[in-house]
Amino acid sequence: MPQYRELTESELSVELFDQFERKQVVTDCRRKVDGEWRVLADPGVDDWTPEDYEFLVSCLKRTVETGGVVWGAFVDDVLKGFASVERKAFGSESQYMELTSLHVSNDMRRCGIGAVLFLLSADFARNLGIKKLYISSHSAVETQAFYKAMGCVEATEYSDDHVHQAPADCQLEYVL
């Protein structure tokens, strides 16, 4: 049974991810083409390099330093999932907080860990009076199915920065 808790800045290190497997085999993606959502073949394998983990840790530390939250899911004291929410509100009415990461180790997917991490993240933003979570999500069909099952829909207001940085991502929101 996974244990969930808020992570501190001092816990965040590359070594924390030693037994975390980011690997995701992608076959099809859901993308917006000419204003219409379509499923397109885009096979590949997403994985993280040691440099990616170093960058991730620096981002997660910055999240905690700036008042955001990082949640961890542990099985036998080993990190198997994590999520992060930035503290800064944005949008035309400051209605959004961003869910910047939500990842479950490949060996623990489809066990409910992602759903718990998502709901913990939503509660964090809701408790601060925020109206919606914003997610710039990988377009993999499986990833999109997860967010849809959680109740996410296409964002009513897109973040230009996210669209520019990751044009293939799906811009989603979750009403709190």
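General observations
- Contour minus Cα-Cα distance for GLN3 and GLU65 (0.36 nm per residue): 20.0 nm
- 15 Å beta-carbon shell around PHE124, net charge (K/R +1, D/E -1): +2
- Whole-angstrom Cα spans of the range 19-65 along principal axes, big to small: 39, 24, 14
- 5 Å binning of all Cα-Cα separations within the chain, expressed as whole percents from 0 upward: 1, 8, 17, 21, 22, 17, 10, 3, 1, 0
- Accessible area, probe 1.4 Å, largest first, for residues CYS111, CYS170: CYS111, CYS170
- Near the amide H of SER101, within less than 5 Å, lie the amide hydrogens of SER84, all on another chain or at least 5 residues away, with H placed in the peptide plane.
- When the C-alpha to C-alpha distance is required to be over 22 Å, the pairs from LYS32/LYS61; LYS88/LYS132; LYS23/LYS80; LYS32/LYS148 that qualify are LYS32/LYS61.
- ASN127 paired with ASP52, simple spin-label distance in nm, labels 7 Å along Cα-to-beta-carbon: 3.1
- Our helix-only sum for the chain, with -39,500 (n - 2.57) per DSSP H run of n ≥ 4 divided by its residues, gives a mean residue ellipticity at 222 nm of -8000 deg cm²/dmol.
- As a rough guide to protection, the peptides 49-59, 89-99, 144-154 ranked by mean Cβ packing within 10 Å, highest first, stand as 89-99, 144-154, 49-59.
The values are calculated or read from the model by the stated rules, or taken from the named source; none is laboratory data. Quantities reported herein were computed from a predicted structural model and do not represent experimental measurements. Every residue, glycine as well, gets a Cβ built from its backbone with ideal geometry; the counts of neighbours run over all protein chains shown. What goes into the accessible areas is simple: the full protein's heavy atoms, side chains included, and nothing from ligands, DNA or RNA. Shrake-Rupley method; radii C 1.70, N 1.55, O 1.52, S 1.80 Å.
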